[in-house]
Every structure is written in C-alpha cells, then in structure tokens.
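The next block holds one structure in the form of structure tokens; read it before the comments.
A short reminder: the numbers here are calculations on the coordinates, not readings from a lab. Only a predicted model underlies this, so the values are computations on that prediction, with no experimental measurement involved. We place every Cβ from the backbone using ideal geometry, glycine too, and count neighbours over all the protein chains shown.
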Amino acid sequence: MRAWRTTVVVVPFLVPFLVTVLAATSGCSLVGQPDVAAWDQEARQAVTDATSEVATARLAVETAHEERTWSSYTVVLVADAEKAMGTVQDDASRLQVPAGRDQDAEDLEALLDEAATAVQDARQHAVDGRYDDRAVLDALDRAADRLERAESRW
C-alpha cells in the first residue's frame, strides 16, 4: 500500500519536471536569428500557392464565360481560391523576416495583396454572374504574370 502512495506522489512531480525540461530544450532551438534560406523557401511556397489560386480563379471565370460550367460551381471554385489566398497571406505574414530582407518582405506582401484583390474581385463578379468583364481577367493575368516572375526571385 505504501508503494502505491509513493508512486502517486512521484508521478505528479515527474510529469511537470519532464515538461519543463522538454520545453526548455526545444525552446532554445527556436530562439535566434531567422534563417534566410528557410524564409526564401517559405516565400517561394507562398508565391507558388498564390499563383495556383490566381490560375484557378481565372480558369473558373473564363470557363463560366464560355458557358462550359455552372454558375454555382464557378462561385464555389473562386470562393475557395479566395479563401486559400487568405491562408497564403496569413502564413506569409507570420514569417519572421531575416535582417536586411525587409524590402523583400514588403514586396512579397504587396504581391500577395495584389493577387488576393484580383481573386476577390473575380469572386464578387462570379457571385453577380458577371463573367464577361475583361478588367477582371486582365487583373488576374497581371497578378499571375507578376507571381510567375517572382517565383525565381526567392
């Protein structure tokens, strides 16, 4: 009976101790200067993901304009692309910018903002059933071109 009480007393003290040790050792590896190569990789991934979402929105709007798909399906596709663009922007905004790379971070943010705005406009037009607005397709094309050029930057 005594061994059981000792075990009960030791376990509650052992668990917090182990948690503290694990937190301290893993926390040490997270503190420090941001890794430039890791930031570049994350920036490239954000640009690639944004390029995909812009292309999805453009294809959906163009296909609907040609009456090769249903309006409701187009709205869903473009709304999903808009939601995914929001995720891309959120993920990119959480990146800690390495020293000396502030301008690159600002450029990435502006690029993603432009793409998100183009996709948002496409979604608004899709909801309204307007697929023939050339300005929407041109904005998507411009965003796609800028994103494709930026893919090799980082």
Worksheet item: In whole Hz, what ³J(HN,Hα) sequence does segment 138-154 give by Karplus (6.51, -1.76, 1.60; θ = phi - 60°), x for Gly and Pro?
Response: 5, 5, 5, 5, 4, 4, 5, 4, 5, 5, 5, 5, 6, 4, 8, 6, 10
Response to the item:
Assertion target for Arg94, Arg146, ordered by fewest C-beta neighbours within 10 angstrom first, is Arg94, Arg146
Worksheet entry | Computed lengthening from Ala55 to Ala110, 0.36 nm per intervening residue step minus Cα-Cα distance | 18.0 nm
Discussion item. Once you order the gyration tensor axes a ≥ b ≥ c over the Cα atoms, which shape class does segment 86-154 get: rounded for a/c under 1.5, otherwise prolate or oblate by comparing a/b with b/c?
Written reply: prolate
Item to complete: Sort largest first and round to whole Å: the equivalent ellipsoid semi-axes of segment 35-150, each the square root of five times a Cα gyration tensor eigenvalue.
Response: 29, 12, 10
